[in-house]
Every structure is written in structure tokens, then in C-alpha cells.
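I have placed the structure first, in the form of C-alpha cells, so that the comments after it can refer back to it.
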Amino acid sequence: IKKSATIQSAKTALMERFELTDVQAQAIVDMRLGQLTGLEREKLESELKDLLAKISDWEDILANESRVFDIIKTDLLVIKEKYGDARRTEISVGEIGIEDEDLIPEAQSVFTLTEAGYIKRMATSEYSAQHRGGKGIKGMTTKAEDIVKEMFVASSHDLLLVFTTKGRVYKIKGYEVPECSRISKGSNIVNILPIESDEKVTSIIPVKGFEDDSCLLMATTKGVIKKTAIKEYANIRKTGVMAIILDEGDRLVDVRQSTENDTVLLATHNGKAIRFDEKDARAMGRVTRGVRGIMLAEDDYVISMEIVHPEDTFLTITENGYGKRTNPAEYKVQSRGGKGISNYALSKKTGLVAAAKMVKDEDDILLMTNTGVIMRTSVHEINVLGRSTQGVIVTRLAEGVHVIGISRVDTSLENTEQDEQQEPEQE
């Protein structure tokens, strides 16, 4: 080492003379001069002896299973002594309370039903808002003899009470209705509910539950109304139950959820309306007929029943696409069973009344025609006018096309920003 010019040449000389490896030679050149004394040599030999003893012991452990378990036991006892405390969780045997419904996301949906019984649900964002007077977009594909007859907006987790022309009621969850595209015709409701061949669905009402003290208020085309506690419908069989006893030739036209403090507004096809206290109709059981709500002319019939909210307006749409909103205060509260007052100044241009509904200023509405076209427009674009007025053009219709119904969309439950961006394209 002393005669070598560099560390590398010293390593090479050591490796050649003593047949050392590169690692061994490197260890020697890295040592200080003092480590080459006899004392340091004894220290290294002692370290070697200890290492050999440990290696022998470790090899014995690996070869002896009982020693392995003894060591594991000792280590666990040490851990227990150092970290052991009372269990903070409870371990028990039980069922996990998860149902199919818990795995289905809740979303606002548009439900539609056709005259032939085809039903489907879609996201409310499928329909973009358009200005008053727009021509609408295609709402669904129907057969030549089929028309859209009902539409409403509800949550996919709501319970749907399905009322039929025979006065029977069935129930189904919103998510059980097949979700389809906007132009799809959907699935026939007879494949979802055991509806008989000689009855048709006339009204579908979404409800959240049966725990409150509210009632279901029903109205028929002949002006009969009936009030029944909603609890009466909590245990509906799969085959359905009777909801109301109907007179010959009568059918159910509308159902609403109500309380004792509500007032009710009935509107007719010939432009009449009557408002009365909900308390005027006493609560009855399911299998009953009901009482008179309005006295009708021979050629008239009820087209709508609404619960009055003073802060809202009463929207009326005619068959030829005319419409107006009216302040509910203009409909004085009368006794149930009267002839009512004028609701619309009808003419050949406007046609007869097609639908009527209570709406909020921030709502949108969906108008349905007999050809399956659906138009969405903002309520605030429709003028607020008196009862006996003609109204304004809400939608322009082609020859032979007429409005058959409307549905209210609560815009607070959906994001309309994307709809507004798509508006010019839809128009």
C-alpha cells in the first residue's frame, strides 16, 4: 500500500498478492492505520465469532418449527402487554340492510303514458326550454293510432299510484318504469302491472309515503269528487284495489293529495270553474262513490282538479294552443256542487279547454299534442290575465294538431344551464 501511487493500484497489488476479491481489497484500503493493530484484530475476530454464533442459532430456528411458534407467541405477548386495551368495536352476526332501491340513484324524471298504454321515464333535461310560440321538439315515437295522454315529473324513488278508468288503483316504484330515450315509445304498462284488458290508466299520482294525515282527493268527468285518507292506500295488493265506485259512463279524471286547509279548483272542458273548501267533502272509505263537486251542463265534463296555492297562478291551455295565467283570488270560494263561474273566453280560434294547472313563476311547462310532440316553455312568458279573456298563443300548431295536456316542471330540481345553451338548436 505504501509503495502504491494510487488507491486503485494498491487494491490491484493486494488482490494479486493475497488472492483477495475487489470487495475485500477495498475494505483493507478503507481502513485507518490504527485498525491494523493487534487489538483491532482481536475485536474483528470476536465480531466474527458472534456473527457465526447468531447464524447458527438462526439456522436452528428455521429448522425447528416449535422454536418458531415459541418466538411468535413471545412476540405477541409483548405486543399485548404494550398495546392491549378493551375492544372498541362490536362484532356480531346480522343481515346487511341494503335493498335494490338503495343501489339506484335518485333523480327527477319525466314520466309519459300514451292512450295505448305505453309508459316510460326520461331525465327532465331531455327537453330544452323554448320561448313562447316555439314549435316544440319530438317527445316520443307513437303508432299512427296512438297519442300521448299523460305526463308528470317525479323522483325515480317516488311511489306511483296508478288509477284506471274502472276506479282501481295499483302501485309501482318510479325506477320500475323502464328508462328510455326521448323518442322511444316505452313499454306497455300491462307488462309492468296486472291491468285488465278492458281498463285503461287514466291518472298516475306520485307520493312520498303514507305516514302523514293528508288525503287523496279524486274527481270524475261527471263532476263527482271523493276524499279518502292516504293511509287507506298503504297496503295495495299487486292485483290492485278499488279506489272509487263510479256511475255508469263515468271515469276518473284527476287525483290530488290534499289537507284540510286546502281549497280545490275544478275546471271544465267548456271553460267553467268552481273553487270550494276541501273540508266540504267529508273523508270516505276506499269503496265509496263520493259526492257532487260541480253541476255540469249536458255537453260539459271536468278536465282538471287542482289544489289552490295563493302564491301561484292558475294556468289554462286550450286545444288550439292558446293559454293564460289567472290569479287564484279571481276564483271566489263557493259551496261545493254549484255551477261554477267563467274560467276562459272560448272561441272557434282558441278551441275548448284542454288542460289547466296551478304553476309557479319559475316553473317550466311541457305541452303535449295528439301527434306526440312535446314543447317546453317558461311559465313567466305566459301573460297573467283575467278569467274571461282569450289568452295568448303559447304554441303554434299545424292543421289537425291540438293540445291534449300539460305537465309542470320544477326547475329548482334540475340544472337548466345546459338546456339554455341548446335552445337555439331546438328552435
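The values are calculated or read from the model by the stated rules, or taken from the named source; none is laboratory data. Here the structure is a predicted model, which is why all the values come from computation and not from measurement. Every residue, glycine as well, gets a Cβ built from its backbone with ideal geometry; the counts of neighbours run over all protein chains shown. These accessible areas exclude ligands, DNA and RNA; they are computed on the full protein's heavy atoms, side chains included. Shrake-Rupley method; radii C 1.70, N 1.55, O 1.52, S 1.80 Å.
Just to be sure I understand the filter: pairs with C-beta atoms under 7 Å, separated by 6 or more residues or on different chains, first member in region 354-377 and among the aromatic types (Phe, Trp, Tyr), second member part of a loop (DSSP other than H, G, I, E, B) and open to solvent by less than 10 Å² (accessible area, probe 1.4 Å). Which pairs pass?
As it stands, the answer is none, since no pair meets every condition given.
Output the strands (runs of 3 or more DSSP E) that fall wholly within region 320-401 and possess 2 or more residues being closer than 27 Å to LEU296 by Cβ and touching a strand residue (DSSP E or B) at 6+ places or on another chain (Cβ under 6 Å), or say none.
On the way: elements: 322-326, 353-359, 364-369, 373-378.
It comes to 322-326, 353-359, 364-369.
Before we move on, is LEU246 assigned to a strand (DSSP E or B) and closer than 16 Å to GLY293 by Cα? So that I can check it myself, show each step before the final result.
Numbers: assigned to a strand (DSSP E or B): no; closer than 16 Å to GLY293 by Cα: yes.
The answer is no for LEU246.
Quick test for you: out of ARG182, ARG256, ARG237, pick the one residue that is open to solvent by 10 Å² or more (accessible area, probe 1.4 Å) and in a strand (DSSP E or B). Explain how you work it out, then say what you get.
Working: ARG182 fails: in a strand (DSSP E or B); ARG237 fails: in a strand (DSSP E or B).
Only one candidate passes the filter, namely ARG256.
Can you name the condition, by its number, that ASP212 falls short on among (1) in contact (Cβ under 8 Å) with a residue 24 or more places away in the chain; (2) open to solvent by 10 Å² or more (accessible area, probe 1.4 Å); (3) charged (D, E, K, R)?
Looking at each condition in turn, ASP212 falls short on (1).
Please specify each residue of region 272-304 satisfying the condition of being at pLDDT 90 or above, of a type in the set (A, V, I, L, M, F, W, C) and more than 13 Å from LEU216 (Cα to Cα).
ALA273, ILE274, PHE276, VAL291, ILE294, MET295, LEU296, ALA297, VAL302, ILE303
For SER155, all conditions in the list (1) surrounded by 19 or more Cβ atoms within 10 Å (Cβ to Cβ); (2) touching an Asp or Glu at 6+ places or on another chain (Cβ under 6 Å) hold save one; what is the number of the exception?
Only one criterion in (1) surrounded by 19 or more Cβ atoms within 10 Å (Cβ to Cβ); (2) touching an Asp or Glu at 6+ places or on another chain (Cβ under 6 Å) is unmet by SER155, namely (1).
Applying the selection to region 283-336, what residues are open to solvent by 40 Å² or more (accessible area, probe 1.4 Å), under 34 Å from the mean Cα position of the chain (by Cα) and among the charged types (D, E, K, R)?
Those that are open to solvent by 40 Å² or more (accessible area, probe 1.4 Å), under 34 Å from the mean Cα position of the chain (by Cα) and among the charged types (D, E, K, R): ARG286, GLU311, GLU319.
Where the second residue is open to solvent by 30 Å² or more (accessible area, probe 1.4 Å) and the first is acidic (Asp, Glu) and lies in region 249-273, which pairs have Cβ atoms under 6 Å and are six or more apart or on separate chains?
Partner pairs satisfying both residue conditions: ASP250/LYS222; GLU260/LYS279.
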